[in-house]
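Taking it in order: structure first as structure tokens, then the write-up.
The values are calculated or read from the model by the stated rules, or taken from the named source; none is laboratory data. Keep in mind it's a predicted model, so treat the numbers as computed, not measured. FYI the Cβ positions are ideal-geometry reconstructions off the backbone, even for glycines, and counts take in every protein chain you see.
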Amino acid sequence: MIEAKGLTKRYGKKLAVDDLTFSVAPGRVTGFLGPNGAGKSTTMRMILGLDNPTAGDVRIGGKRYTELHHPLRTVGALLDAKWVHPNRSARSHLTWMAKSNKISPRRVDEVLDIVGLSAVADKRAGGFSLGMSQRLGIAGALLGDPEVLLFDEPVNGLDPEGILWIRKFMHRLADEGRTVFVSSHLLSEMALTASELVVIGKGRLIAQSSTDEFVTRATESSVKVRSPQLDRLRAALDRLGATVTAEDDALLVSGVSSEKIGQLAMENQVTLHELSPQRGSLEQAFMQITGDSVEYHADLESEAQRALATTN
């Protein structure tokens, strides 16, 4: 369990985290989302005692990180995959970490095997690709067999097979009853990985809820309808006051349930080939809810104009 209460961090005049309160429960994967500059990395650093809060408190299993006697046995973290000394091998790096927390040397080979690095265990970490470095960082996080795990952008540099592996792996860790807290900008991946969300913007809490609740609250639901008599059905829907949008050979209908559309089709002798509720995406919900919290907005039209002028 991770519990943050009134967590605040200032860097001079810059307020990076502003009175942030949230909790991360065991037994599920909790996604940590927010625009660039929202304060996610600063928050994770405060959880791990790397930055001291200006105000507030954050605890892991009821204790501050600095109060943990052998911290790697309680919490494992991957914040920066490239922090390893480049001249150390993967095995020597993990061995050094194990000795610092009185962890059995046998565990080093176990985690190397878990993340698929056994074959390159004695290679210099400086020669690793970003994906291999990510796997080494995950091995370090697992070294103490901790109950709490924090990952910052863990799929960076991984190929599709690696992304699928880390997704399934996080689910397995949560199923074992561990607390898994993961930050990522890949919202499509977060939609498949995280069952709970903590969403922040400009250092403040925007939402904490299940992923399904977050998407449902932020996006408008609709129903996709396909039929050989779409014109007849659309006229009936218009009379009902539904919002109807044509999409290729189908209609997207909002403001009316799929049950009501089916009833309407039957009453008007309309054959249905498809009647499927459409759920908004996590990306749509995120953009809708965090739009006012984005610190740096891109002027896409100006960028396109500049690019066109450069090519002419």
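Some observations on this one:
- In the range 266-296, residue modelled with the lowest pLDDT [restricted to those that are buried (at least 17 other Cβ atoms within 10 Å of the Cβ) and touching a Lys or Arg at 6+ places or on another chain (Cβ under 9 Å)]: Ser293
- Residue check: Lys9 meets all listed conditions (1) in contact (Cβ under 8 Å) with a residue 40 or more places away in the chain; (2) among the charged types (D, E, K, R); (3) surrounded by fewer than 21 Cβ atoms within 10 Å (Cβ to Cβ) but one, namely (3).
- Strands (runs of 3 or more DSSP E) fully within the range 225-296 counting 2 or more residues that are without any contact (Cβ under 8 Å) to a residue 24 or more places away in the chain: 243-247
- Of all residues making up the range 148-184, the number that are surrounded by fewer than 18 Cβ atoms within 10 Å (Cβ to Cβ), in contact (Cβ under 8 Å) with a residue 40 or more places away in the chain and closer than 18 Å to Thr211 by Cα: 2
- Cβ pairs under 7 Å, 6+ apart, first in the range 113-126 and under 13 Å from Leu94 (Cβ atoms) and assigned by TED's automatic domain parsing to the domain that holds Gly137, second in a loop (DSSP other than H, G, I, E, B) and among the hydrophobic types (A, V, I, L, M, F, W, C): Ala125/Val84
- Residues being at pLDDT below 90 and crowded, with 19+ Cβ neighbours inside 10 Å - total across the range 219-238: 3
- Restricting Thr66, Thr8, Thr21 to those that are more than 19 Å from the chain's Cα centre (by Cα) and at pLDDT 95 or above reduces the list to Thr8.
- Of the residues Thr43, Thr30, the single one that is surrounded by 22 or more Cβ atoms within 10 Å (Cβ to Cβ), of a type in the set (S, T, N, Q) and not in a strand (DSSP E or B) is Thr43.
- For the range 121-156, taking the residues that are of a type outside the set (A, V, I, L, M, F, W, C) and assigned to a strand (DSSP E or B), the one that is farthest from Asn87 (Cα to Cα) is identified as Asp152.
- When the range 151-197 is filtered for residues that are closer than 19 Å to Ile114 by Cβ, in contact with a helix residue (DSSP H, G or I) (Cβ under 7 Å, 6 or more places away or on another chain) and of a type in the set (D, E, K, R), the ones remaining, listed by number, are Asp159, Arg167.
- Filtered residues of the range 22-75 (kept if polar (S, T, N, Q) and either out of contact with any Gly (no Cβ under 9 Å at 6 or more places or on another chain) or without any contact (Cβ under 8 Å) to a residue 24 or more places away in the chain (or both)): Ser23, Thr30, Asn36, Ser41, Asn52, Thr54, Thr66
- Taking the criterion of being at pLDDT 90 or above, part of a loop (DSSP other than H, G, I, E, B) and among the aliphatic types (A, V, I, L, M), the residues of the range 80-120 that qualify are Ile103, Val115, Leu117.
- Residue within the range 128-147 that is more than 26 Å from Ala285 (Cβ to Cβ), of a type in the set (A, V, I, L, M, F, W, C), in contact with a Lys or Arg (Cβ under 9 Å, 6 or more places away or on another chain) and surrounded by fewer than 20 Cβ atoms within 10 Å (Cβ to Cβ) present: yes
- Verdict on Ser210 being of a type in the set (Ser, Thr, Tyr) and closer than 30 Å to Thr30 by Cα: yes
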